[in-house]
1. Could you tell me which of Val167, Gly123, Thr366 has its Cα farthest along the dipole of the chain towards the positive end, charges placed at Cβ (Lys, Arg +1; Asp, Glu -1), taken about the Cα centre?
2. Tell me the mean residue ellipticity at 222 nm calculated for the chain from its helices only (DSSP H runs of n ≥ 4, each -39500 (n - 2.57), averaged over every residue, nearest 500).
3. Tell me the net charge near Gly400. Cut-off is 11 Å between Cβ atoms, Gly400 excluded, with +1 for each Lys or Arg and -1 for each Asp or Glu.
4. Show log10 I(q)/I(0) for region 118-257 at q = 0.15 Å⁻¹, two decimals, from a solvent-free Debye sum over equal Cα scatterers.
5. In the chain, if the dipole is taken from +1 on Lys/Arg beta carbons and -1 on Asp/Glu beta carbons about the Cα centre, which of Ala419, Ala135, Ala326 is farthest to the positive end?
6. Just want the ordering: Val75, Val287, Val261, from fewest to most Cβ atoms lying within 10 Å of their own Cβ.
7. May I ask for the distance between the Cα centers of region 58-101 and region 349-379, given as a whole number of Å?
8. Roughly how many debye, to the nearest 20, is the charge dipole of the chain about its Cα centre, given +1 on each Lys and Arg Cβ, -1 on each Asp and Glu Cβ, and no other charges?
Amino acid sequence: MTGRSSLTIVLAAGEGTRMRSSLPKVLHPVAGQPLIAHVLAAVPRESAVAVVVGPDHDAVAAAARRANPQAGIFVQDERRGTAHAVLAARAAITKKYDDILIVFGDTPLISPATLERLREPLGDGAALAVLGFRAADPTGYGRLIVNDEQLVAIREEADASAAERAVTLCNAGVMAFSGAHALAMLERIGNANAKGEFYLTDAVEIARAMGLSCVVRETGEDEVRGINTKAQLAEAEAVMQRRLRRAALESGVTLIAPETVHLCADTAFGADVTVEPYVVFGPGVSVGAGAVIHSFSHVSEATIGAGASVGPFARLRPGTRLGEGARIGNFVETKAAEIAAGAKVNHLTYIGDAEVGAGANIGAGTITCNYDGFLKHRTVIGAGAFIGSNSALVAPLRIGAGAYIGSGSVITRDVPDDALALERAPQTVKDGWAVKFRALMARRKGK
């Protein structure tokens, strides 16, 4: 709705005690991001944002600001209902926006398109638009009572007649108010109920009494799932994963067994990426064009270059950056590692706090010894270097370009370009020793 100013008020004050968690409800993650971050990502781009939090919920405020640095934070000191929470943002409401959207911080599946559709009737003169959905089982939901395309009331199930209980159009809680009437309508929700609380649902009958138009816009039930339990959190995760997989497939990613791949909301894929079964992507992952992620790999906060190969059974931890065509093989772990184009780390290896130059080859069983018990230290391996199997590289350490490290070495000093470094005790061979040893052991065993 270009040309109309908008304010979105996100209500994030609910505790969600049924989550059985010390973590505030809206900070529980779905697809690697807090619930409230998903909601803030869905609000209209041009909208000003006001987030209403409960007292002492600094962590919620911080998460909201991370998701939307321009968001205003307002505190609802007492929990006295949804209308009371909205009026905690009175200072934002009085700035005379054309539209005011009310959304909830625990509905991570709401889409930008749905919120835009909800605003549309306001441009045509409606004072209030309410989001509804057709529930497969409407038990427990407030019903939207519609007469001649006008919303007449929101009837809570306990107050509904038998005919009203038969209605399957349910209240999603999300509303859009005309800015010209919003404050007057909200302030009239001034007669608290028996619990001393003020509810947004009363706005419909107040608007009707003021002679204003109220309408409903519908969406699917999945979009308006609220999260109050860990079971509902898992259900929302499943829905989000289906969405993300579908989007990846439609963008050209090959997911060989889509239902086994776990994605995050910010996972980014280039063209022609292939992901084999049972791969987990944590937050902050970017995969370049043509890369292949083999089965049972776990990747988090990492950048994978074009044409790179990862796994199977690889773990890329935060700070890993793979160059074009780099190879990370089975049972390899990396952390804070820059692995340049064409480098190979193929087997049973740990590369942490390190730089590996272009075309270098890291042998099986190599470890960068990056931690001395107090501090982390860095290892730099030059382009084209060859690190023999079962080597320990004790940081801080620099291995020159084209250098060779002999297998089984513990390297503690810098190695120049094109040099050979090895650290082994001299090999001793005693001919016939094994025959004598076996005879001795047989005699001892026979005693």
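1. Towards the positive end, the residue furthest out is Thr366.
2. Values: 10 runs with 93 residues, N = 447.
Only helices count here, giving -6000 deg cm²/dmol.
3. Working: positive: Arg398; negative: Asp414, Asp417, Asp418.
Overall, the nearby charge balance is -2.
4. So the normalised log intensities are -0.84.
5. Comparing the listed Cα positions along the dipole, Ala419 ranks first.
6. Numbers: Val75 15, Val287 26, Val261 23.
Ordered from fewest to most neighbouring Cβ atoms within 10 Å, Val75, Val287, Val261 come out as Val75, Val261, Val287.
7. Result: 47 Å between the Cα centres.
8. Details: 46 positive and 46 negative charges, 483 e Å.
Using only the charged Cβ atoms, the result is roughly 2320 debye.
Taken together, the values in this text are just the output of simple stated rules run on the coordinates, not laboratory data. A quick note: this is a predicted structure, and the numbers were derived from the prediction, not measured. In this analysis, Cβ positions are derived from the backbone assuming ideal geometry, glycine residues included, and neighbour counts consider all displayed protein chains.
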